[in-house]
Amino acid sequence: MKTMLILCGGVLCLSTMQAYAQETTTTPHASTATPETTINSEGPGMSSTSMSGGMTTSHGKSRADVYQDLVHSQQSGEAQRLNDLFKGGN
């Protein structure tokens, strides 16, 4: 029985390894790296659209804006709903 489990586990590992194997015959392609992407090792620079496709702002919020958002979420009950959702709070 143990031998059968070991064999099944080995077959599963080999099949998974085969599924994730990378093709070794890749053709080289022209590099599309810009100076901005080569300098920033974390990825390309700021784009004009967000991941959801909407436009992004070119500047962040000030501390006062963030504090006002916090106060508003506490007053509207949004902060408490999020704390309950994620089991946060005291």
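The values are calculated or read from the model by the stated rules, or taken from the named source; none is laboratory data. Computed from a predicted structure; not experimentally measured. So basically every Cβ, Gly included, is an ideal-geometry build from the backbone, and we count neighbours across all protein chains shown.
Go through the residues of the stretch 25-40 one by one and say whether even a single one is at pLDDT 85 or above and surrounded by fewer than 10 Cβ atoms within 10 Å (Cβ to Cβ). No: the stretch 25-40 contains no residue that is at pLDDT 85 or above and surrounded by fewer than 10 Cβ atoms within 10 Å (Cβ to Cβ). From the set of residues in the stretch 41-78 that are at pLDDT 70 or above, assigned to a loop (DSSP other than H, G, I, E, B) and of a type in the set (Gly, Ala, Ser), which is farthest from the chain's Cα centre (by Cα)? Taking the candidates together, the pick is Gly77.
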